[in-house]
1. Residues of the stretch 356-372 being in a helix (DSSP H, G or I) and either among the hydrophobic types (A, V, I, L, M, F, W, C) or under 26 Å from residue 520 (Cα atoms) (or both), which ones?
2. Mind listing whichever residues of the stretch 460-491 are touching a helix residue (DSSP H, G or I) at 6+ places or on another chain (Cβ under 8 Å) and within 10 Å of the ligand (Cβ to nearest atom)?
3. Return yes when residue 313 is over 14 Å from residue 396 (Cα atoms) and open to solvent by 80 Å² or more (accessible area, probe 1.4 Å) and no when it is not.
4. Determine, yes or no, whether residue 494 is touching a residue at least 60 places away in the same chain (Cβ under 8 Å), within 10 Å of the ligand (Cβ to nearest atom) and buried (at least 17 other Cβ atoms within 10 Å of the Cβ).
5. Is there any pair with a first residue in the stretch 101-112 that is in contact (Cβ under 8 Å) with a residue 60 or more places away in the chain and a second that is aromatic (Phe, Trp, Tyr) and surrounded by fewer than 22 Cβ atoms within 10 Å (Cβ to Cβ) whose Cβ atoms are under 8 Å apart and which are 6 or more apart or on different chains, and what are they?
6. Would you point out the residue of the stretch 512-540, among those that are assigned to a helix (DSSP H, G or I) and more than 10 Å from the ligand (Cβ to nearest atom), that is surrounded by the fewest Cβ atoms within 10 Å (Cβ to Cβ)?
7. Looking at the stretch 403-511, what strands (runs of 3 or more DSSP E) fall wholly within it and have at least 1 residues that are modelled with pLDDT under 90 and not charged (D, E, K, R)?
Amino acid sequence: MPERIAVNAWFPQPELTECSLCRETRSVLAPTTAALAGEVALDLMALGRVPALLGAALSRLARGLGSGRVAVLVPEAGGKWRVFASSDLDQTHDLMIDSDRYPELLEVRRTGVPFIARSVDSTPNLVLSRQMLAAAGVRAVAVFPIFLAAPSGEPVVLKVSLARELDPQDEAFATLVAHLLVHRLALLPTQEAAHQLGLSSAPAGGPNPAALLRLVPVPALVVDDDGRVIHANPRAAWMLRGREGRTSSGSVILRLEPERIWLGQDPRWEATLVSGSHPRLLGWSNRVGENRTLVLLDQHPEERRHSQDSRIRSALAQKLHELEAANTLLEEHARKRARFVSDVAHELKTPLAIQRSYLETLSGDLSEGLSQEQREFLAAALHGAERLHRLVEELLDLAALESGNLPLTLEPVSSEALADQVIADLEPLAERHGVTLRRDGDPNATIRADRERLAQVLRNLVENGIKYGRAGGEVTVLFERLADRALFTVRDNGIGIPSDALPSIFEEFVRAPGNTASDGVGLGLAIVRRSVMAMGGRVWVDSDTGRGSRFFVELPLWTGER
Ligand code: ADP
């Protein structure tokens, strides 16, 4: 039975020649690349020696990717790497390179998991080496740990550098080849494999604490009785020495209080970081071996912030998604409602028109033989029918505006002519109510609007001014020209609108409390708002109960464009 290297999430169970990651990456490959991956697998199965195994994987990988450089690097002391094998013929084997210049290698050394930068331009970890990579013509890099060099737990890596961005196919292929290699290497006797890779210290038999510590999801250390670090996982090394720091086993990192450790009961047990800061202890255990204590530290604040940030981001994304779904549902309901209202109004329109015309005929020529009381009944019926007719017309208008089905012709409209027309139309009504209509403000200007719609808007507002005005009062249509906009104000000195009704006064069927004088239904202002919005303008109101109201309509001036 060969010895096995320790496993972590990236290093699959050696017994499985194909793991879920292999299956996933295989499913992304196009048929030709999948066939090539199949050949790599066969090659690797046939070979027993590490250099031959790596050589075969490298040449197949380089062929599959079509270009770029592929190499296997072995970690050395002092942060250096040794190039063990390379697909690049010009590359001198046994070349030594320095980790500091290759953050991607440092990252894999630190974490023991693959590092993939599909585009070096958009990978934050590569900011510092971007210039160097660009000068070497490298656009994408991927580094895969393929063998854990116990006892340091540092990985031998397979590195791919490409002169183009890595697409998902390339990434899947490179990942699959690296993973197949990991499976194959895991089946070889570890000491022998380490020896062939030129690693000075082959792993001893038995569990490998350094590799096992990598599995711990928080910073973890194994210290001796003097607080001297025997092993540290990358998280702990990062936390204690900074991101770029190196773990140097043997240095005293924690000052512990041995008797308390060994008694092991006191939760307020403290460790002091020799460098001065105080990591929070999550827990500890002295069962990892004689004179050995496993110490678990609280997550690095930066790391914790990062994971909190990403939790918040994903919760926000989820909420946004829910809001979008709710919004779509609301829009759908609004559309259905508008369709329903419009259908009902259409159905009512024809019978109502017939009823109205009969009632008009009756109350005209045919009313001569009727008694006074009968005439009054007839007048009331006609009044009701007219009210209903108006309601149906308003409902149809509103439904058309809501669904965007109302055709608008945006054209140059003269402010003066429009105000005059509206005032002339409503003069008889104003007279009946004892209200004076006036026009005021700047001389003529040309507005960009649908003439009929805007006339209806002003008519609604002036009519309301008359209806809710007082006998002897005034309604003024005031026009002002702003920089690139036109402002109409319809001002009355009537009953006004209570302040608590103001915010909802432009909504459908909303009427201010106590307005029994008029027989409206509360659709006029809703139509006004929708119409003004459809013409690219806005409308608002300002009112004092008992003193009158000012409705403002702002619209663009005509610039020659529709
Ligand atoms: P309607 O006049 O048919 O009721 P509107 O939508 O035109 O419907 O107006 C909604 C409500 O706003 C009115 O019922 C009234 O209470 C209030 N209102 C509108 N214009 C004025 C105004 N000029 N003065 C006082 N109240 C007004």
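The values are calculated or read from the model by the stated rules, or taken from the named source; none is laboratory data. Remember, predicted model here, so these are calculated numbers, not experimental data. Here the Cβ positions follow ideal geometry from the backbone for every residue, glycine too, while neighbour counts run over all protein chains shown. Surface accessibility is based on the protein's heavy atoms, side chains included, excluding ligands, DNA and RNA. Shrake-Rupley method; radii C 1.70, N 1.55, O 1.52, S 1.80 Å.
1. Within the stretch 356-372, the first condition is being in a helix (DSSP H, G or I), and the residues that meet it are 356-363, 365-367, 372.
Listed by number, the residues that qualify are 356, 357, 358, 359, 360, 361, 362, 363, 366.
2. Once the filter is applied, which keeps residues that are touching a helix residue (DSSP H, G or I) at 6+ places or on another chain (Cβ under 8 Å) and within 10 Å of the ligand (Cβ to nearest atom), the stretch 460-491 yields 460, 461, 462, 463, 464, 466, 467, 469, 475, 490, 491.
3. Numbers: over 14 Å from residue 396 (Cα atoms): yes; open to solvent by 80 Å² or more (accessible area, probe 1.4 Å): yes.
When the stated conditions are applied, residue 313 passes them.
4. On the way: touching a residue at least 60 places away in the same chain (Cβ under 8 Å): no; within 10 Å of the ligand (Cβ to nearest atom): yes; buried (at least 17 other Cβ atoms within 10 Å of the Cβ): yes.
In short, no.
5. Qualifying pairs under 8 Å: 110/238; 112/10.
6. First pass over the stretch 512-540, keeping only residues assigned to a helix (DSSP H, G or I): 524-534.
Now drop any that are not more than 10 Å from the ligand (Cβ to nearest atom), which leaves 530-534.
On the way: 530: 22, 531: 25, 532: 23, 533: 12, 534: 17.
Taking the candidates together, the pick is 533.
7. Working: elements: 411-414, 436-441, 446-449, 474-481, 485-492.
Correct list: 436-441.
Table: residues versus (1) at pLDDT 85 or above; (2) open to solvent by less than 80 Å² (accessible area, probe 1.4 Å); (3) within 30 Å of residue 460 (Cβ to Cβ).
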{"position": "294", "(1), (2), (3)": "no, yes, no"}
{"position": "319", "(1), (2), (3)": "no, no, no"}
{"position": "358", "(1), (2), (3)": "yes, no, yes"}
{"position": "370", "(1), (2), (3)": "no, yes, no"}
{"position": "381", "(1), (2), (3)": "yes, yes, yes"}
